[in-house]
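Novice: Shown below is the structure under consideration.
The values are calculated or read from the model by the stated rules, or taken from the named source; none is laboratory data. Only a predicted model underlies this, so the values are computations on that prediction, with no experimental measurement involved. Backbone-built Cβ (ideal geometry, glycine too); neighbour counts: all protein chains shown.
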Amino acid sequence: MSRYTVVRLRPGNGSGSHKQEHLLIAEHVLGRPLRRGEEVHHVNGDGQDNRRENLVICPTKEYHKLLHTRTDALEKSGNANHRKCYLCGEYSDPTTMVNVKKATYTGNYLHKRCWAKYNQNRYYANKHRKLNHDQL
């Protein structure tokens, strides 16, 4: 079963195009087709709930991802501004973390202790690999 309700645009002899219902509703409310890159977000997370008040038009995919990131953080930590460490999975204040990918809204956040352990493991793995190579 599809996560979203799909509507047939040209009913008839079985042929015709289909479109997700939430996209049609958003376009109707806007009075225009969605622009390239715009996405529709379901506020309550239910892709079947296409009430107008449950739909938000996001200008970009990155913004849509940010909405999900903040919603998840709020649900898991009680603070929408917290971010999840992608190594240990715990949520913390991003100002106390290392952002290893600053090019996006959400980034890739790591606790400083997780970042140090990651780099230490990487260092020893590379050192071990070099030792094995030198023995050949």
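Novice: Might you check whether a residue that is acidic (Asp, Glu), modelled with pLDDT of 95 or more and not in a loop (DSSP other than H, G, I, E, B) occurs anywhere in the stretch 54-62?
Specialist: no
Novice: Within the stretch 68-119, can you find the residues that are more than 30 Å from Gly47 (Cα to Cα), at pLDDT 90 or above and either touching a Gly at 6+ places or on another chain (Cβ under 8 Å) or polar (S, T, N, Q) (or both)?
Specialist: Thr95, Thr96
Novice: Identify the single condition in (1) buried (at least 16 other Cβ atoms within 10 Å of the Cβ); (2) part of a strand (DSSP E or B); (3) among the hydrophobic types (A, V, I, L, M, F, W, C) that Ala73 does not satisfy, given that it satisfies every other one.
Specialist: (2)
Novice: Being over 12 Å from the mean Cα position of the chain (by Cα) and within 20 Å of Ser92 (Cβ to Cβ) narrows it down to one of Leu55, Leu30, Leu66, Leu74, so name that one.
Specialist: Leu74
Novice: Does the stretch 35-61 hold any residues that are surrounded by 14 or more Cβ atoms within 10 Å (Cβ to Cβ) and aliphatic (A, V, I, L, M), and which are they?
Specialist: Once the filter is applied, which keeps residues that are surrounded by 14 or more Cβ atoms within 10 Å (Cβ to Cβ) and aliphatic (A, V, I, L, M), the stretch 35-61 yields Val40, Leu55, Val56, Ile57.
Novice: Okay, next question. On the given criteria, is Gly78 touching a residue at least 40 places away in the same chain (Cβ under 8 Å) and either closer than 27 Å to Gln20 by Cα or surrounded by fewer than 17 Cβ atoms within 10 Å (Cβ to Cβ) (or both)? Step through it out loud before you land on a result.
Specialist: Working: touching a residue at least 40 places away in the same chain (Cβ under 8 Å): no; either closer than 27 Å to Gln20 by Cα or surrounded by fewer than 17 Cβ atoms within 10 Å (Cβ to Cβ) (or both): yes.
No.
Novice: When you look at Arg36, is it part of a loop (DSSP other than H, G, I, E, B) and at pLDDT 90 or above, yes or no?
Specialist: Yes; evaluated as a whole, the condition is true for this residue.
Novice: May I ask you to say which residue of Lys117, Lys84, Lys112 is within 20 Å of the chain's Cα centre (by Cα) and surrounded by 11 or more Cβ atoms within 10 Å (Cβ to Cβ)?
Specialist: Lys84
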